[in-house]
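Trainee: Quick one: the structure is below, questions incoming.
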Amino acid sequence: MTWKRYAALCAALLLTLGLTACQGEEKWIEGLVVEVQTDEAGDPAAFVVEDVRGERTGVRLAEGSRLWPRGSGTWTDEELRAEIRADLRVDAWVHAGCYPRREKLETADGTVNAYWATSAGIAGELRRGAAALRDGTKLDVLELDGWNSRRYRLADGTELLEVDEPSGPENYYVGDLESFDDLSEAAKEKVRQYYEDQGPLYDEADTLERCYAAWKELGEEYRSGHIRQDVSPSASSERVMYFSTELMLPREYGTAVCSSTSFQDAFDRRTGERLDTWALFAVPEAEVRRRLPELVGWVEDTAILAEMSAALEPEWIQFCQSGLQVGFPAGSLPGEELDYYISVDWRNIPEGFLQPWAVPKSWKENP
């Protein structure tokens, strides 16, 4: 299912829930299906969901309950029934909006509280033993369609790591900024291909091993790690479109603490050609390295300024709506264990420092 179709389905579901909420009627249930009950025709009549806390709740289906399978497309009634029969099974991940009136449901493992569904969507599935660690330990993988993410879990249900698939610039919009949609058709294809070729900027297998090691040390105190890599628009000029890649990785394994690093790429908005960062400046690279840290204004220690100049990598320079920003990743500056950011307001950037065609529109529009 594409993210656009999934968003539309979720919007419809939320609208339904919103209408019932206005009447004080709302119950949200989400989790893993552990049992499915069918009627005489073989269609689902009820199912049991186990949430992330291990609590089980029944969901009853009525003739008016709206069900959405995992796939996308246009179906006949019979095709839709077949899709739902195939997808709504044990180990499917579902979310359901229900009326709040509580009933009882007899299950294979006893009686549970149950609710009548207004609508329910099948959002993924748990694939048992689908991955393995270096020591041979098998892991279950929970795949969530709409979020394009997967969660690695131990057999007892402990979540080790959540990974969101890298998401390209065509999926993100930021306020009133120009975006991927404002590129020429030729540029769209080249920019999309650039990020597809770039792929993940992280080592998923190594991160998973580190999470497992932290779990063995911390036990019940362990908290799942998270990986995310998104590309979104950050600024634009008449000739250039700027996209920033944000990479989030676990920083302290076994805790919820993450590190976030940003990188920027500039593209010719007509051709899609990736532009060299130093070419965006009207002065030589050596002068950019020396002057950019000085333009911050509040950094007076000459030794620190020299360290910034020496460490500076072009992709760390970001053209933003309000000026320039440089993000030094953790460990790139002597004595700095965390990410270190400096920013320069566009008003403090001297004339002639940048190429006129590289200056973001927002600087001119917000004097």
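Trainee: Only one residue in SER362, SER309 is in a helix (DSSP H, G or I) and buried (at least 19 other Cβ atoms within 10 Å of the Cβ), so which one is that?
Mentor: Criteria check complete, one pass: SER362.
Trainee: Among the residues of segment 329-339, is there at least one that is under 25 Å from LEU177 (Cβ atoms) and modelled with pLDDT of 90 or more?
Mentor: Scanning segment 329-339 turns up no residue that is under 25 Å from LEU177 (Cβ atoms) and modelled with pLDDT of 90 or more.
Trainee: Going through segment 26-55 one residue at a time, which ones are in a strand (DSSP E or B), surrounded by fewer than 19 Cβ atoms within 10 Å (Cβ to Cβ) and more than 28 Å from the chain's Cα centre (by Cα)?
Mentor: GLU35, VAL36, GLN37, THR38, ALA45
Trainee: What single numbered condition from (1) among the small types (Gly, Ala, Ser); (2) more than 20 Å from TRP28 (Cβ to Cβ); (3) touching a residue at least 12 places away in the same chain (Cβ under 8 Å) fails to hold for GLY73?
Mentor: Failed condition: (3).
Trainee: If you take the residues in segment 76-101 that are of a type in the set (Lys, Arg) and touching a residue at least 40 places away in the same chain (Cβ under 8 Å), which one is surrounded by the most Cβ atoms within 10 Å (Cβ to Cβ)?
Mentor: ARG85
Trainee: Does ARG128 count as basic (Lys, Arg), closer than 18 Å to VAL52 by Cβ, at pLDDT 95 or above and buried (at least 17 other Cβ atoms within 10 Å of the Cβ)?
Mentor: When the stated conditions are applied, ARG128 does not pass them.
Trainee: While we're on this one: Looking at VAL163, VAL141, VAL112, can you tell me which residue is among the hydrophobic types (A, V, I, L, M, F, W, C), in contact with a helix residue (DSSP H, G or I) (Cβ under 7 Å, 6 or more places away or on another chain) and either assigned by TED's automatic domain parsing to the domain that holds GLY54 or more than 17 Å from SER244 (Cβ to Cβ) (or both)?
Mentor: Result: VAL163 is the single residue among VAL163, VAL141, VAL112 that is among the hydrophobic types (A, V, I, L, M, F, W, C), in contact with a helix residue (DSSP H, G or I) (Cβ under 7 Å, 6 or more places away or on another chain) and either assigned by TED's automatic domain parsing to the domain that holds GLY54 or more than 17 Å from SER244 (Cβ to Cβ) (or both).
Trainee: Can you tell me which residue within segment 213-228, out of those that are closer than 16 Å to VAL257 by Cα and not hydrophobic (A, V, I, L, M, F, W, C), is surrounded by the fewest Cβ atoms within 10 Å (Cβ to Cβ)?
Mentor: GLU221
Trainee: Could you please give the count of residues in segment 144-158 that are at pLDDT 95 or above and surrounded by 17 or more Cβ atoms within 10 Å (Cβ to Cβ)?
Mentor: The number of residues fulfilling the criteria is 4.
Trainee: Right, something else. How many residues, within segment 90-104, are assigned to a loop (DSSP other than H, G, I, E, B) and aliphatic (A, V, I, L, M)?
Mentor: 1
Trainee: For segment 67-83, check the following and say yes or no: at least one residue is more than 30 Å from ARG223 (Cβ to Cβ), part of a strand (DSSP E or B) and modelled with pLDDT of 85 or more.
Mentor: Scanning segment 67-83 turns up at least one residue that is more than 30 Å from ARG223 (Cβ to Cβ), part of a strand (DSSP E or B) and modelled with pLDDT of 85 or more.
Trainee: Tally the residues that are modelled with pLDDT of 95 or more, under 22 Å from ALA155 (Cβ atoms) and either among the charged types (D, E, K, R) or touching a Phe, Trp or Tyr at 6+ places or on another chain (Cβ under 8 Å) (or both), restricting the search to segment 37-54.
Mentor: The qualifying residues number 1.
Trainee: So ASP91 clears everything in (1) on the phi > 0 side of the Ramachandran plot; (2) at pLDDT below 95 except one condition, right? Which one?
Mentor: (2)
The values are calculated or read from the model by the stated rules, or taken from the named source; none is laboratory data. Everything numeric here is computed off the predicted structure, so don't read it as measured data. No Cβ is skipped: glycine too gets one built from the backbone with ideal geometry, and neighbour counts run over all protein chains shown.
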